[in-house]
Amino acid sequence: MAVPTFAAVTPNAGPSAGGNAVKITGTGFRLYVPPAYGYVGTLVPSRVQVLFGGIVAPKVDVMSAMELWAEPPSYIGNYREDAFSPVALTLTNLDDSGIPIPGEQVVTAAVYTYTREALRAPTLEIASPFARITRALIRLLQQQIMSLSGIMTSTDYSADGIVITKAGVPSIFLNSPSIEMDAYGEDNEEYEENNLDGNVYVWPNQKMQTMRFSLAVFVDDSHVEMLTLMGAVSKFFRKNAYLVLIADVPANATLRMPLILTDPPMASQMTMNANLKSFSATFEVRRIPVLYLPPYLVTSAISSIELQAQKISGTLVEVVNI
C-alpha cells in the first residue's frame, strides 16, 4: 500500500472560476499502468483524485509518483466575501476501476486560496492578454495606416446643436470588443500548431478565446479619401494575416493569432447635415491562449519554473512583429 503524501502546491492561489493549472508535489502518487495490448489513445486516465475544499478537480494529470498537475474546480463557498478562506486538498489514489483505495489518502491543511480576478492591473506588465492585444492592434493601425488611431470616439456638435462639426479626421477607432470561446473549441478537439521556432504546440481549444472588434473610420466630406482608406483597411488585413506577439511563458515563444476580416469595409450613411463620411468593418483575433499546458503536452522545451512563473494564465508582452 502506497499512502500519498503532500509537500507543496504551486501556485497556492488561483481564480475563483477555477480552470488554471497547479502543480502538486509529494510522494506515493499512483501511476496509470497501460494494458499490455491495445491502444489507449491520448486520454490517459488519472489514478489520483484531487479535491479542492471537498470539490473534485475536473482534470488531474499524474506526471510521476512525486508530481501531478490538477485543474481546480470553481469556488462554491461564500462568494460575497472579499477574501476567500483557504481550502484543504484531499489526494486519494484510485484503483484501475477509478474507485478510491481505502487508506491511500492524505488531507492537507488549508493550503490553496481562491481569488477574484483583479479588474485593474497595478502595472501594464501584468495586464490581461486582451488589453495587450488591443494595444498591439492600435499600434499596428498607427504604424501602417495613420497615427490618429485609438479606441472608440464621440462626435462633436456646433453650439446650436444641429450641425456636426468637423472632428479630427481622418481617424480610425476600435469599437465594440467582445470576448468569447474560440470556435475551434466547440468540437472539443485539440489544436496543433507548428510554430515558427520549429516546435509543435498542442492547445486544448476550450482554453482559447476569440476577440471580435468593430473598426470605425471617419473622414472629411471627401468621397475619394474615404474610398482610399477603405482600400487601405482591406490591404491591412491582407498584409497582417496574423497578430504576432512574443509570450513570456514559454520564454520568447512566438504566438501567431489569426487576424480575420469577417465583414469588409462598408460605407455608412451619415444623418443630418454631416460634414463627415464614415465606414466600418468587423474583424476577429482568434486562438488567444489564456492557459498554458503541462509540459508533457508541449513538444518544445519548457521548464516547470516557467510554468510556475505564469501563475494563473499565459500573458503576452508588449512586442509586435510587423
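The values are calculated or read from the model by the stated rules, or taken from the named source; none is laboratory data. Values in this document were obtained by computation on a predicted structure and should not be read as measured data. Because the Cβ atoms are built from the backbone with ideal geometry, glycine has one as well, and the counts that use them run over all protein chains shown.
List of remarks:
- First in segment 142-159 and within 13 Å of A216 (Cβ to Cβ), second anywhere and modelled with pLDDT under 80 and loosely packed, with under 13 Cβ neighbours inside 10 Å, Cβ under 8 Å, 6 or more apart: L148/G168
- Restricting attention to segment 205-220, the residues that are outside any strand (DSSP E or B) and touching a strand residue (DSSP E or B) at 6+ places or on another chain (Cβ under 6 Å) total 1.
- Test: residue in segment 83-97 that is modelled with pLDDT under 90, under 23 Å from P289 (Cα atoms) and not hydroxyl-bearing (S, T, Y): no
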